[in-house]
Amino acid sequence: MNLERTLILVKPDGVRRNLVGQVISRIEAKGYAIVALKMMHADRQLLAAHYAEHEGKVFFEPLIEFMQSGPIVALIAEGNRVIEGFRKLAGTTDPTTAEPGTIRGDLARDQGTKVVQNLVHGSDSPESAEREIAIFFSELSEVKGN
Ligand code: DAT
Ligand code: MG
């Protein structure tokens with residue numbers, strides 16, 4: 001067994017386009033368990049921490065702005081090899097060339113914006129998953145007082 005948890009986000013474009021259900025359906029249909037789920041508005045500080053690896057890149061500011069442009073849905077999915085499995089379900093970063101059959105390949109395309117709008121985020125490694133889950137679901141790791 002290689003039981004893992006991954007952080008998945010339905011980005012503002014996915015919420016605006018009413019695709020939350022379709023994304024969740026694909027995760028569930030694949031057989032992964034959703035163990036936490038919330039709709040939220042991410043602030044700049046949280047997003048800068050989440051996307052720290054991209055600081056300084058030309059798309060960093062557009063990315064942070066886009067991710068604040070509306071509500072997002074954050075969830076934790078669990079399953080054997082779910083990190084790799086969800087990245088496969090999501091498809092590659094560029095939605096124009098993402099394989100048909102994937103979330104990005106079926107449901108997203110290049111809109112000509114400074115940042116690629118590709119509907120979903122999924123953690124890319126166990127280390128990223130642990131870090132990102134702590135950022136988005138800090139309430140789960142906080143030590144409860146009394
Ligand atoms: P992924 O989301 O597939 O893990 P990433 O971590 O490299 O991709 O980048 C984070 C997001 O930033 C990505 O979902 C869309 C945007 N992005 C990445 N590379 C880009 C580029 N070259 N131009 C515009 N936006 C980009
Ligand atoms: Mg990434």
Can you classify the chain as rounded, prolate or oblate using the Cα gyration tensor, where a ≥ b ≥ c are the square roots of its eigenvalues, rounded means a/c under 1.5, and otherwise it's prolate if a/b beats b/c and oblate if not?
oblate
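Rank-order 69-77, 4-12 by packing density, defined as the average count of other C-beta atoms within 10 Å over each peptide's residues, highest first. Mind showing how you got there, number by number?
Values: 69-77: 19.8, 4-12: 23.7.
Those peptides, ordered most packed to least, come out 4-12, 69-77.
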Karplus-derived HN-Hα couplings along the stretch 38-44 (A = 6.51, B = -1.76, C = 1.60, θ = phi - 60°), whole Hz, x at Gly and Pro:
7, 9, 7, 10, 7, 9, 4
Test of understanding: ordering 32, 51 by Cβ neighbours within 10 Å, fewest first, what list do you get?
51, 32
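Any read-out appearing in this document is the output of simple, stated calculations on the displayed coordinates, not a laboratory observation. As the structure is a prediction and not an experimental result, all values here were calculated from the model. Cβ atoms come from the backbone with ideal geometry, glycine included; neighbour counts cover every protein chain shown.
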